[in-house]
Structure formats: C-alpha cells, structure tokens
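Asks: Got a structure for you, questions after.
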Amino acid sequence: MISSAFAAAAEHGAAVAEHAAHHGPFYTEAHFWVDVAFILVVALAYRPVSRAIAAGLDARAAKIRARLDEAHKLREEAQEMLATYQRKQRDAMKEAEEIIAHAKAEAERLAQQAARDLEVSMKRREQQAIDRITQAEAQAVKEVQHLAIDVAIGAAQKVIGESLSAAQTGALVDTAIKDLSAKLH
C-alpha cells in the first residue's frame, strides 16, 4: 500500500514536470501573475484596511469604555443614594424611637403628676372635711352652750321667781342695771 502511494506521487510529480516542460518557465503563466497581483493588492491594502479596522475597534472600545465608566459612575451614585436613604431611614427610626421614648417618659411623668395632684386634692378635701367637721362641732357646742344658758336662765328665772318676792326681784334688777354700765365700759 505504501509502495502504491509512492508510485502515485511519483506519477503526479512526473505529470507536473511534463506540464512545466510544455509551457515554459513559471513566470510566463497567467496563473502566476494572478497570484502575484493578489498578494500585491492584499499587501498594499493591508495597512489602510488594518488601520481602519483598528480605528473602528478603538472607537468601539472607547464607546464601551465610556459606557463602562458611565455605568460605574451610575453605580457609585446609586450606592451613594442608597447609603443616603439608609442613613435617613436609620435617622428616622432613631428619631421615631426617641419620640416614642419621650412620649413614654412624658406619659409616665404626667401619670406621676396626676397621682401627686390627686393625692394633694384628696388631702385638701380631707382637710376641708376636717375643717367642716370642726366648724360643725364648734357650732354644735355653741348651740348646746346657748341652749344650756337658755335652760339655766329659764331655770334661774323660775327658781328666782318662786323664791323671791316682788320687792327683792325689783332690787335685783336695779342692781343689775347699775352693774351693766360698768361692764359695758
């Protein structure tokens, strides 16, 4: 098999050599000059085309870089805004907690003040009740004294009226009238 492959390759090489011998040197063939012209066109167009491609790629890279920079900038701004709003939320929560704590403290203070005011009011009312009771007792004592005096006067009149004569009663009234002016001055 290998020998048959070598035989086929040798035949092909012989055919190419025979073909070259019939047509002349390689530079006389049109196929050669088409290949040379193609390579020359590619070589001459390479620099401007490669520059255009590079410029296009550079422009695209610049656009992408600008978009990335803008995206980074927007991300940073968004993070700053998020941090700001989180800080504001924490501050608002702290303020709300302070307000609640202040309200609780104020409610406790008001409850204590109300309890003190109630106690003071109760003591004042108790004192007023004691004062009224004292006044009522004093009034009752005066009334009892007046009643006792009235009863004593009535009893004295009755006893004096029954035991003294009219002349003795007149003398007693005259003496009381004389003593009255001395007692009044």
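Asks: Phe38 - would you say it is assigned to a helix (DSSP H, G or I) and touching a helix residue (DSSP H, G or I) at 6+ places or on another chain (Cβ under 8 Å)?
Replies: No; evaluated as a whole, the condition is false for this residue.
Asks: Kindly indicate which of Ala136, Ala71, Ala111, Ala148 is under 30 Å from Val173 (Cα atoms) and either in a helix (DSSP H, G or I) or at pLDDT 95 or above (or both).
Replies: Of the residues listed, the single one that is under 30 Å from Val173 (Cα atoms) and either in a helix (DSSP H, G or I) or at pLDDT 95 or above (or both) is Ala148.
The values are calculated or read from the model by the stated rules, or taken from the named source; none is laboratory data. Since we're looking at a predicted model, the values are computed, not measured. With ideal geometry, Cβ positions are generated from the backbone for all residues, glycine too; neighbour counts draw on all protein chains shown.
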